[in-house]
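K.L.:
Mind looking over this structure? Questions follow.
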Amino acid sequence: MATGRVWTVTTTTPSEDDARTIARAAVAEKLAAGAEITGPATSVFWHLGELGEGREWRVSLRTSATAKDRLAARISELHPWDSPEVTATSIEWCLDTYAEWVERTTTEQG
């Protein structure tokens, strides 16, 4: 059982194209082993002192503990928003073979 080795890094974007750009770059550059895009979803939020609502696409990326900070930095570079939501959650449990694949993929040169 692998614990703490695999992370899910998540962000949301204002368009499917933005989500695809982030997902493709992260996987192509081997900062993430894989990604899923879901949406659109309705988001309700406070922004600049006003209540807002909009459509967003969620990008969930699987990465290793050693690559998560580089992945988060790359997402910030590619993201169209000045202060994007970028969060990371440690996977409590996964198969060892899955963790090995994620680690191997995110440590290879892109």
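K.L.:
Give a residue-ordered list of calculated ³J(HN,Hα) values for the range 57-67 (Karplus: 6.51 cos²θ - 1.76 cosθ + 1.60, θ = phi - 60°; whole Hz; x for Gly, Pro).
P.N.:
10, 9, 10, 10, 10, 9, 8, 8, 4, 6, 9
K.L.:
May I pose another question? Mind giving me the FRET efficiency for Arg55 and Ala88? R0 is 22 Å, r the Cβ-Cβ distance, nearest 0.05 is fine.
P.N.:
Efficiency for this residue pair is about 0.40.
K.L.:
How high is the FRET efficiency from Asp69 to Thr10, r the C-beta distance, R0 22 Å, rounded to 0.05?
P.N.:
The computed FRET efficiency comes out at 0.90.
K.L.:
For the chain, what relative contact order do you get, as a whole percent, if you take Cα pairs closer than 8 Å and at least 6 residues apart?
P.N.:
Relative contact order for the chain comes out at 44 percent.
K.L.:
For the range 21-31, just list the computed ³J(HN,Hα) in residue order, Karplus coefficients 6.51, -1.76 and 1.60, θ = phi - 60°, integers in Hz, with x standing in for Gly and Pro.
P.N.:
Ordered by residue, 3J(HN,Hα) equals 4, 5, 4, 5, 5, 4, 6, 4, 8, 6, 8 Hz.
K.L.:
Next up: Taking amide hydrogens as modeled 1.01 Å from N in the peptide plane, which residues meet the under 5 Å criterion relative to Val6, leaving out close sequence neighbours?
P.N.:
Ile91
K.L.:
Around Ser15, which amide H atoms from residues at least 5 apart in sequence, or from another chain, sit under 5 Å from its own amide H, with H modelled in the peptide plane?
P.N.:
For Ser15, the qualifying residues are Trp57.
K.L.:
Run the simple label-point estimate for Tyr98 and His47 please: 7 Å along Cα→C-beta, distance reported in nm.
P.N.:
Roughly 3.3 nm, to one decimal.
K.L.:
Which values of log₁₀ I(q)/I(0), to two decimal places, follow from the Debye formula for the chain at q = 0.14 Å⁻¹ with a uniform point scatterer at every Cα?
P.N.:
Per q value, in the given order, log10 I(q)/I(0) is -0.55.
Values quoted throughout were computed directly from the atomic coordinates according to the rules given, and no laboratory measurement underlies them. Note that the coordinates shown come from a computational prediction; the quantities given were computed from them, not determined experimentally. In this analysis, Cβ positions are derived from the backbone assuming ideal geometry, glycine residues included, and neighbour counts consider all displayed protein chains.
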